[in-house]
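Below you'll find the structure, written out as structure tokens, and then a few comments.
The values are calculated or read from the model by the stated rules, or taken from the named source; none is laboratory data. Not measured: the values here are computed from a predicted model. Here Cβ is always computed from backbone atoms with ideal geometry, including for glycine, and neighbour counts include all displayed protein chains. These accessible areas exclude ligands, DNA and RNA; they are computed on the full protein's heavy atoms, side chains included. Shrake-Rupley method; radii C 1.70, N 1.55, O 1.52, S 1.80 Å.
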Amino acid sequence: MAFQAERGIICAVSVVVAAAWVGLAPTALVGSTQPIRARHAMVVSQDDLASRVGDQVLRDGGNAVDAAVATAFALAVTYPTAGNIGGGGFLVYRPAAGDPVAYDFRETAPAGASPTMFMRGREYDARVHHNSHLAVGVPGTVAGLHLAWTEHGSLPWQRLVEPAETLARSGFVVRDPLARSLAAVLPRMQDYPASVAQFSKNGQPYQVGDTFRQPDLALTLSRIRLDGPAGFYEGQTADRIAAEMAANGGIMTHADLAAYRALRRTPMTGTYRGYDIISMPPISSGGVAVIEMLNVLEGYDLGASGSGSAATTHLIIEAMRRAYADRAKSLGDPDFNARMPVAQLISKDYAAELRATINLDRASVSSPDSFSWPAEGDETTHVAVVDGARNAVSLTYTLEQGYGSKITVPGAGFLLNNEMGDFNPVPGLTTRSGRIGTDPNLAEPGKRMLSSMTPTIVSRDGRLVMVTGSPGGRTIINTVLMTILNVIDFGMNVQEAVDAPRLHHQWLPDETRYERWGLSPDTLALLAQRGHRMVEIGVQGAVSAIVYNAEEDVLEAAEDRRRTSAAVGF
Ligand code: GLY
């Protein structure tokens with residue numbers, strides 16, 4: 001039985017890969033609720049070329065960290081909307097034996113940053129905040145991947161960077177999603193000639209079937225392959241970044257690049273119905289918020305009230321509302337906010353206090369004189385890897401918005417992030433219409449901006465259960481929450497858990513966004529009776545997830561068909 005299932009699913013993976021090579025959308029799996037199974041090891045990312053790079057690393061004897069590093073470098077070539085070397089992110093690693101560890105390679109504010117840097121005179125300037133050279137944080141990806149590899153990798157560094165370099169130099173065939181994505185972003189790159197040159201054919205969009213070569217990026221990757229982080233933060237690459245900044249009103253300097261350090265952090269941990277939750281600590285808000293919500297929900301029998309019911313949906317929304325309010329009030333860079341109440345926010349006692357404020361029949365009201373939010377991009381990407389020893393990596397990284405700042409470093413072939421947009425825009429100013437000015441997340445020299453990225457690993461009794469994470473800006477935390485609930489409370493397999501409709505409430509605006517077709521009319525009516533404002537949206541997130549089926553000693557992965565996704569294993 002197990003053998004048949006495994007064979008069937010492996011065939012399905014081949015169909016996806018074959019379809020992808022001839023430029024077809026991977027529609028072959030639509031409708032399958034069965035996970036993709038692999039006995040030995042598995043990589044899930046949002047691009048099949050990148051997943052296959054990771055898979056080959058695992059086949060060559062690399063471990064989960066090796067495969068995650070190689071996949072991340074490959075995504076910087078094949079999935080340029082979010083894969084990157086000019087951005088930053090987080091990696092949570094749970095070895096099969098020993099303590100889990102988290103790597104923080106979030107971008108930092110340059111030394112010239114200040115809380116008022118996004119204002120022009122007395123006015124906030126959204127363009128400066130999100131679409132300018134001032135929106136670029138000091139990139140962390142290369143330092144972070146290198147630190148994780150230094151501490152846990154097993155194959156040579158060169159072996160892990162080389163596939164990305166080859167993909168950039170030799171090129172790869174453009175398929176439909178990339179062609180559409182590049183065509184859509186091209187008009188927004190017109191201010192940056194190096195970006196137009198990099199991502200189009202002399203100003204014309206790439207077509208399906210074209211070969212996409214990135215020779216400048218290949219040269220940058222060769223410097224990183226040969227010199228490690230020095231190939232990025234020093235020498236020619238740093239010279240080119242600093243020159244681009246100096247010529248265009250940016251503030252990032254050689255000194256900022258040389259000073260960048262990836263950080264090893266203790267993961268944020270909690271428990272939920274006997275499972276251990278291992279996630280990202282601040283500067284991500286993700287681990288704190290997901291654990292806070294799980295603690296609140298642990299007090300209710302969600303399995304009995306059922307997936308998708310009005311009663312369950314009401315409770316999930318109320319947990320989300322409270323966690324996002326706490327996120328806004330309290331969280332920022334821990335190195336600049338010594339008194340953040342993290343221990344309180346993730347405590348079971350606090351969850352009980354919050355539960356006492358939840359009326360089972362009535363929606364709470366998010367106070368409008370409290371907090372609101374800066375815009376946050378949803379073009380991040382997640383990589384999940386489990387190797388043969390059952391070491392697991394959960395890695396989320398980003399350029400912030402799709403293609404980041406849209407600024408390609410001339411002669412270096414990679415995009416810079418616009419992550420400074422994740423800092424609060426204006427000190428002290430908080431409005432109904434979307435500004436938040438609370439202190440913990442104001443820009444300061446060397447500070448990291450608050451993130452929602454939530455790379456998470458679940459275990460039980462010392463054994464791996466699940467690796468999960470998603471893009472989606474502020475919705476990431478709720479997407480990860482719901483994937484965990486779907487597996488633990490509702491008994492879904494990982495594909496069902498990823499397919500299931502998602503919700504998002506973020507305290508303000510006081511509304512719940514739900515995926516189209518996600519809730520039935522009678523459920524919506526019951527929620528409206530309780531006072532919830534429900535807003536239909538398209539899709540939310542793009543989970544990369546792997547569940548370890550210990551009974552059969554098999555890995556089960558999900559592809560999220562909301563966007564591109566590729567699970568590859570053996
Ligand atoms: N820029 C998206 C995030 O860090 O959450």
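Structure above, values below:
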{"quantity": "Within segment 529-544, tally of residues that are open to solvent by 60 Å² or more (accessible area, probe 1.4 Å) and either over 11 Å from Thr512 (Cβ atoms) or free of Cβ contacts under 8 Å to residues at least 12 places away in the same chain (or both)", "calculated": "2"}
{"quantity": "The one condition in (1) within 30 Å of Thr468 (Cβ to Cβ); (2) crowded, with 18+ Cβ neighbours inside 10 Å; (3) away from the ligand (no atom under 16 Å from the Cβ); (4) among the β-branched types (Val, Ile, Thr) that Thr266 fails to fulfil", "calculated": "(2)"}
{"quantity": "Contacts under 6 angstrom Cβ, first residue in segment 77-95 being farther than 15 Å from Arg265 by Cα and open to solvent by 10 Å² or more (accessible area, probe 1.4 Å), partner away from the ligand (no atom under 11 Å from the Cβ) and not in a loop (DSSP other than H, G, I, E, B), 6 or more apart", "calculated": "Thr81/Ser181"}
{"quantity": "Members of segment 310-341 that are part of a helix (DSSP H, G or I) and open to solvent by 20 Å² or more (accessible area, probe 1.4 Å)", "calculated": "Ala311, Arg322, Lys329, Ser330"}
{"quantity": "Every residue from segment 96-121 that is within 30 Å of Met466 (Cα to Cα) and either open to solvent by 20 Å² or more (accessible area, probe 1.4 Å) or away from the ligand (no atom under 16 Å from the Cβ) (or both)", "calculated": "Ala96, Ala97, Gly98, Asp99, Pro100, Val101"}
{"quantity": "Residue match in segment 422-434 (condition: open to solvent by less than 30 Å² (accessible area, probe 1.4 Å), among the β-branched types (Val, Ile, Thr) and modelled with pLDDT under 95)", "calculated": "yes"}
{"quantity": "Residue in segment 40-47 that is open to solvent by 10 Å² or more (accessible area, probe 1.4 Å) and either closer than 19 Å to Gly228 by Cβ or modelled with pLDDT of 95 or more (or both) present", "calculated": "yes"}
{"quantity": "Any chance Thr475 is open to solvent by less than 10 Å² (accessible area, probe 1.4 Å), in contact (Cβ under 8 Å) with a residue 60 or more places away in the chain and under 20 Å from Ala323 (Cβ atoms)", "calculated": "no"}
{"quantity": "Residues satisfying the stated conditions in segment 555-570, i.e. closer than 11 Å to Val543 by Cβ and among the hydroxyl-bearing types (Ser, Thr, Tyr)", "calculated": "Ser565"}
{"quantity": "Strands (runs of 3 or more DSSP E) enclosed by segment 412-525 - at least 1 residues per element that are away from the ligand (no atom under 16 Å from the Cβ) and within 15 Å of the chain's Cα centre (by Cα)", "calculated": "456-460, 463-468"}
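Residues checked against (1) at pLDDT 95 or above; (2) open to solvent by less than 10 Å² (accessible area, probe 1.4 Å):
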position: Glu123; (1), (2): no, no
position: Gly144; (1), (2): yes, yes
position: Gln158; (1), (2): yes, no
position: Val185; (1), (2): yes, yes
position: Tyr192; (1), (2): yes, no
position: Val196; (1), (2): yes, no
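Table: residues versus (1) under 30 Å from Asp461 (Cβ atoms); (2) within 15 Å of the ligand (Cβ to nearest atom); (3) among the basic types (Lys, Arg); (4) not in a loop (DSSP other than H, G, I, E, B).
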{"position": "Val65", "(1), (2), (3), (4)": "yes, no, no, yes"}
{"position": "Val69", "(1), (2), (3), (4)": "yes, no, no, yes"}
{"position": "Val77", "(1), (2), (3), (4)": "no, no, no, yes"}
{"position": "Thr81", "(1), (2), (3), (4)": "no, yes, no, no"}
{"position": "Ile85", "(1), (2), (3), (4)": "no, no, no, no"}
{"position": "Tyr93", "(1), (2), (3), (4)": "yes, no, no, yes"}
